[in-house]
Amino acid sequence: MTRDSYYITTPIYYVNDKPHLGHAYTSVACDVIARFMRLDGKKVKFLTGTDEHGQKVEKSAAAAGIPPQAFVDEVSQHFRHMGEVLELSNDDFIRTTEARHIRAAQALWKRLEDAGDIYLGSYAGWYSVRDEAYYAESELIDGKAPTGAPVEWVEEESYFFRLSKFQEPLLELYRTQPDFILPESRRNEVIRFVEGGLKDLSISRTTFSWGVTVPGNEKHIMYVWLDALANYLTAAGFPDIDGAHYQHFWPASLHMVGKDIVRFHAVYWPAFLMSAKLSLPERVFAHGWWTIEGEKMSKSLGNVVSPDHLVEKYGLDQTRYFLLREVPFGGDGNFSRQSMAERINADLANNIGNLAQRTLSMIAKNAEEKVPDPMLAGKRPQDVALLDLAQVTRADSLDSARDQIRRCKFHEMLGAIISMASAANEYVDREAPWKQRKENPDAMQATLYTLAEVLRCIGIMLQPFMPESASKLLDQLAVPAHARSFEHLRPEHALIPGTPLPKPQGIFPRIETDLAA
Ligand code: MSP
């Protein structure tokens, strides 16, 4: 069944740190999907926010010498600011210290308890505050977590969740819904982990206090991951499961996460939901990690790249484009100034930008600043062929883009748009409208019309990725704001000959190569 609603989430970010390229990456990817779905006629809910409880945050607040609440109030603002800088189109921003969330997290706990899946015991084992994760002895490598994070020995009274009970149901889930975890490599990794055997999970702590208290036992606070994962339900209106909002948006369509937190989302989370008898999300997608000029990004190396810096230096849309075009989503990527400048110049300035620039300036000079008239030259096969690449002429025309977005193949969808622009650039060279101007002005009108119409389609398709530049391009083609959804890619919404056009302006400036130095 295809739903008319689409609910997409970013991980909620720990407020122990300022936003960096990694956070921007997840958020931009979700923003592209949210914008795509809206343009495709879906009712979208796009959620992001901050993960504000737990030992890691408590320690950071202590190190800053500020009470935890004041600390999280401040750092959470940095993530809101990141959203503004990246022009994220999120519909909600959740903070786990909000009353609505504490209520939801406790209601989820009660459902797990009512199902008989929680019992009191005591935990003795390893815990990593940096990862906020428990590790089995057998997982440690040289006395550290597999992530390289330090671990400490913890022994305390703790509530447990009967995770072991869900081993078979989880394997069944991965089997029957092979797309539940993407990409394939992560799916295999999760299956191997679950097949290895699941132990019951410690879900409360007593040795610190910054968190949601366990209903009925004030001594305990909920494990920060149980608390954090519940955010996805909170924002959908849980525990009001009969409410319209929940009915409309739960289950989530996609939880986007980084590869480091796939276990929490693809193992613990569906197990909690199964126990609580709530529907499971449709998909968890785990993306790769970025290194910076070949090195791991870290405060100690001093190479942390902030979203503010990128946007200021390269431009917002250029940054968004680079992040999603440079590496196949799901794999790891390396950020370098050189590759950023090359990508922007090759694809944006020299290809799409150049196509727009030459088309619009030829129209301004030779077609009286109006949409040209293609009818004068009659129907020409070369125009039909190019338009067929760009317009939605058949019911299934958009299906490959839809599939690329659903499977997070951003680089492929962008690649298809770039090829369309390349095809149009080759067509200009072949048709040579500057020659047609003298030899056959009607043919020139047809050529320029076809190019303008292809640019209209490119502009519409680019909106999810580069909202500002796409809108500039569509403004220059005098496409009204209400005529920019995917529906309008159909030929009946094509540009109308004779429509006056504004003065052309460059859209994608070249990045000077000294910036790359
Ligand atoms: N608070 C948890 C998530 C809870 S969701 C219920 C968390 N927060 S985080 O701030 O540490 O990380 C948020 C996201 O940023 C993760 O998906 C992580 O993979 C991503 N990234 C952090 N560094 C990254 C890179 N260097 N590259 C790409 N993404 C990275 O985990």
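Sorted by accessible area with a 1.4 angstrom probe, largest first, how do TRP434, TRP109 fall?
Per-residue accessible area, sorted high to low, gives TRP434, TRP109.
Would you mind getting the accessible area per residue of the chain, heavy atoms of the protein chains only, 1.4 Å probe, in Å²?
On a per-residue basis, 41 Å².
Amide H of TYR135: which non-local residues (sequence gap of 5 or more, or other chain) have their own amide H closer than 5 Å, using H built in the peptide plane?
TRP126, TYR127, SER128
Give the long-range amide H neighbours of TYR7: residues separated by 5 or more places, or on another chain, with amide H under 5 Å away, using H modelled in the peptide plane at 1.01 Å from N.
HN-HN under 5 Å from TYR7: LYS45, SER253, LEU254.
Cross-link partners among lysines for LYS299, C-alpha distance below 29 Å, same-chain residues fewer than 8 apart left out?
Correct list for LYS299: LYS18, LYS56, LYS59, LYS144, LYS259, LYS313.
Long-range amide H contacts for GLY333: which residues qualify at under 5 Å (H placed 1.01 Å from N, peptide plane, sequence gap of 5 or more or a different chain)?
Here TRP289, TRP290, THR291 satisfy the definition.
For LYS365, give me every one of the lysines with a C-alpha distance below 27 angstrom, ignoring sequence neighbours fewer than eight places off in its own chain.
Straight-distance partners of LYS365: LYS379, LYS435, LYS438, LYS472, LYS503.
Under 21 Å Cα-Cα from LYS277, which lysines qualify once same-chain neighbours fewer than 8 residues away are excluded?
Partners found: LYS110, LYS165, LYS199.
Count the DSSP beta bridges whose two residues both fall in the chain, then state the antiparallel fraction as a percent rounded to the nearest 5.
50
Give me the dipole magnitude in Debye, nearest 20, for the chain about the Cα centre, with unit charges on the beta carbon: positive for Lys and Arg, negative for Asp and Glu.
920
Considering only protein heavy atoms, what is the solvent-accessible area of ASP475 at a probe of 1.4 Å, reported in Å² to the nearest 10?
80
So which trypsin sites (Lys or Arg not before Pro) in segment 276-317 end up in coil per DSSP with only 11 or fewer other C-beta atoms within 10 Å?
Qualifying residues, ordered by number: LYS277, LYS299.
What is segment 5-287 by shape, rounded, prolate or oblate, if you read a ≥ b ≥ c off the alpha carbon gyration tensor as root eigenvalues and call it rounded for a/c under 1.5, prolate for a/b larger than b/c, and oblate otherwise?
Rounded is the answer for segment 5-287, as its axis ratio a/c remains below 1.5.
What list of ³J(HN,Hα) couplings, whole Hz, do you get for segment 172-180 from phi and the Karplus terms 6.51, -1.76, 1.60, once you set θ to phi - 60° and write x for glycine and proline?
Calculated HN-Hα couplings, in order: 4, 4, 5, 6, 7, 10, x, 9, 4 Hz.
Taking θ as phi - 60°, what are the ³J(HN,Hα) couplings along segment 27-42 by the Karplus curve (6.51, -1.76, 1.60), each to the nearest whole Hz, with x for Gly and Pro?
Values per residue, Gly and Pro as x: 5, 5, 4, 5, 4, 4, 5, 4, 5, 4, 4, 5, 5, 8, x, 8 Hz.
Rounded to a whole number, what % of the accessible area of the chain do carbon and sulfur atoms account for, probe 1.4 Å?
The value for the chain is 51 percent carbon and sulfur by accessible area.
Rank by packing, highest mean first: peptides 362-372, 221-231, with packing defined as the count of other Cβ atoms within 10 Å averaged across residues.
So the order, starting with the most tightly packed, is 221-231, 362-372.
Given the DSSP H assignment, sum -39500 (n - 2.57) over each helix run of at least 4 residues in the chain and divide by its residue total; what's the result at 222 nm in deg cm²/dmol, nearest 500?
The helix-only estimate for the chain comes to -13500 deg cm²/dmol at 222 nm.
Hey, what's the per residue convex hull volume over the C-alpha atoms of the chain, in cubic angstrom?
For the chain, the hull spanned by Cα atoms encloses 156 Å³ per residue.
Using the Cα gyration tensor of segment 174-258, with a ≥ b ≥ c the square roots of its eigenvalues, what is the shape: rounded (a/c below 1.5), prolate (a/b larger than b/c) or oblate (neither)?
The shape class here is oblate.
For segment 337-516, how big is the tail of P(r) above 26 Å, as a whole percent of Cα pairs?
27
The values are calculated or read from the model by the stated rules, or taken from the named source; none is laboratory data. All values derive from a computational prediction rather than experimental measurement. Note that each Cβ is placed from the backbone with ideal geometry, even for glycine, and that neighbours are counted across all protein chains shown. Side chains are part of the model used for accessible areas, which takes the heavy atoms of the whole protein and leaves out ligands, DNA and RNA. Shrake-Rupley method; radii C 1.70, N 1.55, O 1.52, S 1.80 Å.
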